[in-house]
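The block underneath contains the structure these notes are about, expressed in C-alpha cells.
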Amino acid sequence: MRPLRRDIAAVFVAKTVRTFSYGFLGIVLPLHLSDLGLGAVGVGAAVTLMLVGSAALTWAIRRPAERYGARAALVGLAGLSTLAALLLLIAREPWLVILAAMLGNVAVGTGETGPFLTVEQVVVARAVAAGQRTRMLSFYNLVGYAAAGLGAAIVGLAAPRVLFAIFLAVSLAQAVLYARLPGVAVTRTTSVAVGASSALIRRLAALFALDSFAGGFVLQSLVAYFLHERYGLSLETLGQIFFGAQLVTAASLLLAARAARRFGLLNTMVVSHLISNVFLIAIAAAPAAWAAVALLYARQLLSQMDVPTRQAYVMAVVEDHEREAAATITTLWRTVAQAVSPTVTGWVMASIALGAPFVLGGGLKIVYDVILWATFKDVKPRELT
C-alpha cells in the first residue's frame with residue numbers, strides 16, 4: 001500500500017501548487033492581454049486558443065501515459081509548463097503570451113481541465129478502493145479549488161511578472177513531485193474507444209461537450225472581464241472576489257460524496273448543477289456589483305458538486321483497462337467544446353450585451369442537465385463509489 005499512498009500524496013501536492021498558479025493566471029492573463037492592446041473579441045479569441053492548446057495536449061498525452069506510465073507523462077507536462085513560464089517572463093507581444101498559455105495548459109476557468117486532470121484522475125481512481133473513490137476525488141478537487149482561491153487572492157499584491165515567476169517555480173516543483181511517482185505503465189490499449197463501454201463513453205463525452213461548450217461562455221477569465229467592464233472592479237478586488245468564490249466551491253465539495261452516497265452519483269450531478277444554472281442566468285440582470293457577486297457565490301456553492309461525482313461515475317461505469325480512454329475522450333471533448341465558445345462570447349459581449357453570455361451559457365447547461373438525466377438514469381455504476 002505504500003506506493004499507493006505515495007501516488008496520492010504526490011498528485012495532491014502537485015494539484016495544489018498547480019491550481020494555486022492557475023488561480024492568479026486565470027485573472028491576470030485576460031487583463032494583461034487587454035493592457036497589451038486586445039479588446040473583448042481579441043481576449044475571447046485568446047481564451048479559445050488557450051483551450052485549443054489544452055485539448056491538443058490532452059489528446060497527445062494518452063499514449064505516453066499508457067505506454068510509459070503516469071510518471072513520464074506528468075513530468076513531461078511539467079516541463080512544458082516550465083517552458084511556458086519562461087516565455088511569459090520575456091513576452092512583450094500578445095501572441096507570445098497566448099503561445100505560452102497554450103504550452104502551459106493554463107486554466108482559464110474556475111475548474112481545471114486538460115492533460116494533468118486526465119492522467120491524475122486515473123491515478124487517484126486506481127489508488128483507492130471503489131467505495132472511497134468519490135470521497136477521494138472530492139478531496140482531490142477540493143484542494144484544487146482552495147489553492148486556486150489562494151492564488152486569486154494574491155493577484156493585487158504583485159505585478160504580473162512576479163506572478164509569472166511564481167508560475168515558473170510551481171512548474172519546477174511539479175516536475176520534482178511527479179518524478180517521485182512509480183515509473184510503471186498501467187495499461188495498454190489499441191484504439192481510441194476500446195471495449196464494450198465505447199458507445200457509453202462516446203455518449204458521455206458528447207453530453208459533457210455540451211456542458212463545456214455552455215461553460216465556455218462563463219469561464220473565470222471572462223467573468224473577471226465582465227465584472228471589470230460593467231462594474232469597474234479593480235484587479236485587487238477581482239482577486240478577493242475569486243478567492244472567496246474558490247473557497248465557497250471548495251467547501252461545497254465536502255458535501256458531494258455524502259450527497260452521492262444518499263442520492264446517487266447521477267442525481268447529485270444533475271440536481272445541484274441545474275439549480276446552480278438558475279443563479280448563473282440571474283447574474284446577467286444583477287443591478288449592482290454586490291448582487292452579481294452574491295449570485296456568483298450562490299452558483300459556485302452548487303455548480304461544482306458534479307465534478308467529483310462525474311469523475312467517479314465515469315471511472316465506475318467502464319472497465320479498469322478502459323479508464324485512460326474514458327478519461328482522455330471525455331476530457332478532450334469537454335476541452336474542445338469549451339474552446340469554441342469564448343470567441344463567440346467576445347462577439348456576444350461586444351455586439352449584443354455584456355451580460356448575454358450568462359443567459360446563453362446557463363440556458364444550454366440546463367438543457368444538458370435534462371438530457372443527461374434522461375439518457376443515463378438507468379445506467380448503473382459497475383462498482384459502488
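Rolling a 1.4 Å probe across the protein heavy atoms gives the range 1-67 an accessible surface of 38 Å² per residue. Compared with the alpha-carbon gap, the fully stretched path from E236 to L354 is longer by 40.3 nm at 0.36 nm per residue. Kindly provide the helix-only [θ] at 222 nm of the chain, computed as the sum of -39,500 (n - 2.57) over DSSP H runs of four or more divided by all residues, to the nearest 500 deg cm²/dmol? Rounded to the nearest 500, the figure is -27000 deg cm²/dmol.
The length gained on full extension between R161 and F263, counted as 0.36 nm times the residue separation minus their Cα-Cα distance, comes to 32.0 nm. Dipole of the chain computed with +1 at Lys/Arg Cβ and -1 at Asp/Glu Cβ about the Cα centre; of L103, V17, A56, farthest Cα towards the positive end is V17.
Ignoring any ligand, DNA or RNA, what whole percent of the accessible area of the chain comes from carbon and sulfur when the probe is 1.4 angstrom?
Working: 9820 of 14360 Å².
Whole-percent figure for carbon plus sulfur exposure: 68.
Working note: Cα atoms of the chain, range along each principal axis, descending, whole Å: 51, 44, 32. Looking only at the range 322-343, which residues have a backbone nitrogen under 20 Å from a spot 7 Å from the Cα of V367 in the C-beta direction? Within reach of a label on V367: 333-343. Charge dipole (Cα centre; +1 on Lys/Arg Cβ, -1 on Asp/Glu Cβ; no other charges) of the chain amounts to roughly 1020 debye. Between T375 and E319, the FRET efficiency estimated from the beta carbon spacing at R0 = 22 angstrom works out to 0.60.
To one decimal place, what Kirkwood hydrodynamic radius in Å is obtained for the range 7-130 from all pairs of distinct Cα atoms? Here the Kirkwood hydrodynamic radius works out to 15.1 Å. Look at the alpha carbon pairs under 8 Å that are at least 6 residues apart: their mean separation over the length of the chain gives a relative contact order of 29 percent.
The aspartates and glutamates whose alpha-carbon is closer than 20 Å to the alpha-carbon of K377, local same-chain residues fewer than 8 away aside, are D211, D306, E319, D369. Let me know the whole percent of all Cα-Cα pairs from the range 97-154 that are separated by more than 13 Å. Within the range 97-154, distances greater than 13 Å cover 68 percent of Cα pairs. The Cα atoms of the range 1-63 cover 53, 27, 12 Å along the three principal axes, with the biggest extent listed first. Computed from Cα atoms alone, the Kirkwood hydrodynamic radius reported for the range 218-350 is 16.4 Å. What the phi angles of the range 284-301 give under the Karplus curve with 6.51, -1.76 and 1.60, with θ = phi - 60°, is a coupling list of 4, 9, 4, x, 8, 4, 4, 5, 4, 5, 4, 5, 4, 5, 4, 5, 5, 5 Hz, glycine and proline written as x.
The values are calculated or read from the model by the stated rules, or taken from the named source; none is laboratory data. What you are looking at is a predicted structure, and each value in this text was computed from that prediction instead of being measured. Don't worry about glycine lacking a Cβ; one is built from the backbone with ideal geometry, like all the others, and counts go over all protein chains shown. Heads up: the accessible areas ignore ligands, DNA and RNA and are worked out on the full protein's heavy atoms, side chains in. Shrake-Rupley method; radii C 1.70, N 1.55, O 1.52, S 1.80 Å.
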